[in-house]
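Notes follow once the structure below has been shown.
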Amino acid sequence: MQRKPHDGALAGSLLLAVFLFGANNTGIKFMVGFWPPLVIGASRFLLAGLVLLALLRWTPLFGKPHPLTPDLNRRLWTRTGLLMALYIVAFNYALKLTLISHVALYLGAAPVWALLWEGQPEKNWRSAQRYGAAALAFCGVLILFWPILRQHGQGTLLGEILGLLSSVLWTSVGRQSRLMGQELSGAEIAAHTFWRAGVITTPLAAIELSQSKIPWRADGAWVQTFCILGGGVGAFALWNNALRHWKTSQVYLFNNLIPISTMTWAHFCLGEPFTQTFWTAMILIGSGVLIGQANLQKLFGALWFPAD
């Protein structure tokens, strides 16, 4: 049986993944300014999946690969692969249609959706805490939506909706990846999910390609290479490995750092400012995530928060 990594090592690997995700998100925002979103997404995930498969087969870097059963192969297509493909569509178009800070904050709310999925409503303090945290995070989401609704900007509103949808899909991918963690390593889950998601989105990317020309840009090629290797191979292997050992909501607590990582990259690389709306929504969403994860009984005592 494989030995569980130390919690400190897992936390460190997740911080590195957060750093890479922030750079990756900024890179995609840069590329959708001149290349079709799904061409970027399909090629990125297809190539990242193939690179990971090659590393799994011909190097000992990620350990010995496991054989795929017919049932596992089916689930990789219909669950993680399909969900990741839908995520690619929602996320890349959201970045094209709205601010990167908003999309990053929607992703930051993902731990709350994970908490809600992990437990049904009950008449106890823990359930009230969970749903209170969700309400707080939802207020942060409304802060992001409100200026768009007042301006009646349909194109941008669609971007906000896709950003929120990508957050839910991102959580769904994490849940399914965790379920497969008993059968496959984090690198294997990422590899098999990536190339399948790339294949699923390729027909849509082909439609995009037939309707627009792709100008050659060396800077875009370098950024895409980083997104494939750093934001794809490296970050997702680290993320999925942590999902094998920690709960989805526990891993996704680090998701709350992705907006800050993303905005730091976007500020210095793309010149996007830190707005008051960003910080207000960040505080609400971040507070919701922290309250949802906190052990209130341990913090404040059984007198205020009795055991259920």
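Counting other C-beta atoms within 10 Å, and keeping those with at most 15, which DSSP coil chymotrypsin sites (Phe, Trp or Tyr not before Pro) do you find in region 1-51?
Working: sites: 19, 21, 30, 34, 45; in loops: 34.
In loop regions of region 1-51 (DSSP not H, G, I, E or B), the sparsely surrounded chymotrypsin sites (Phe, Trp or Tyr not before Pro) are 34.
What order do 51, 18 take when sorted by accessible area (1.4 Å probe), most exposed first?
Correct descending sequence by accessible area is 51, 18.
Suppose the chain between residue 54 and residue 183 were pulled fully straight at 0.36 nm per residue; how much longer would it get relative to their current alpha carbon spacing? Let's see the in-between values first.
Numbers: separation 129, 0.36 × 129 = 46.44 nm, distance 1.94 nm.
Extending this stretch completely gives an extra 44.5 nm.
Relative contact order of region 5-98: what whole-number percent is it, with Cα pairs under 8 angstrom and at least 6 residues apart?
On the way: 33 pairs, mean separation 39.2, N = 94.
Value for region 5-98: 42 percent.
Over region 128-286, what is the mean sequence separation of C-alpha contacts under 8 Å (at least six apart), divided by residue count, expressed as relative contact order in percent? Present the calculation step by step, with values, prior to reporting the outcome.
Numbers: 78 pairs, mean separation 71.7, N = 159.
Worked out over region 128-286, it gives 45 percent.
Quick one: 3J(HN,Hα) in Hz for region 177-186, Karplus 6.51/-1.76/1.60 with θ = phi - 60°, rounded, Gly and Pro as x.
Per-residue couplings from phi come out as 5, 5, 4, 7, x, 7, 10, 9, 6, x Hz.
I need the Debye-formula profile for region 204-270: one equal scatterer per C-alpha, no solvent, reported as log10 I(q)/I(0) at q = 0.11, 0.22, 0.27, 0.28 1/Å, two decimals.
These q points yield log10 I(q)/I(0) values of -0.45, -1.04, -1.15, -1.17.
D for region 177-298, whole µm²/s, Stokes-Einstein with Kirkwood Rh over alpha-carbon pairs at 37 °C and 0.692 mPa s: what number? Show your work: numbers first, answer last.
Working: Rh = 17.6 Å.
Here the translational diffusion coefficient equals 187 µm²/s.
Counting other Cβ atoms within 10 Å of each Cβ, which trypsin sites (Lys or Arg not before Pro) in region 1-66 have at most 14 and sit in a DSSP loop? Write out the running numbers ahead of the final one.
Details: sites: 3, 29, 44, 57; in loops: 3.
Sites meeting the loop and neighbour criteria: 3.
Which ³J(HN,Hα) values in Hz, rounded to whole numbers, follow from the phi angles of region 92-105 under the Karplus curve 6.51 cos²θ - 1.76 cosθ + 1.60, where θ = phi - 60° and Gly and Pro get x?
Rounded to whole hertz, the list is 5, 6, 4, 5, 6, 9, 9, 5, 5, 4, 5, 4, 5, 5.
How many angstrom separate the Cα center of region 209-254 from the Cα center of region 22-93?
Distance between centres, Cα-based: 8 Å.
If we restrict to alpha carbons, what Rg and Dmax does region 1-109 come to, in Å?
Both quantities, over Cα of region 1-109: 16.6, 48 Å.
The values are calculated or read from the model by the stated rules, or taken from the named source; none is laboratory data. Since the structure is predicted, the reported quantities are computational estimates derived from the model, not experimental observations. Note that we place each Cβ from the backbone using ideal geometry, even for glycine, and neighbour counts take in every protein chain shown. Ligands, DNA and RNA are excluded from the accessible area calculation, which covers all protein heavy atoms including side chains. Shrake-Rupley method; radii C 1.70, N 1.55, O 1.52, S 1.80 Å.
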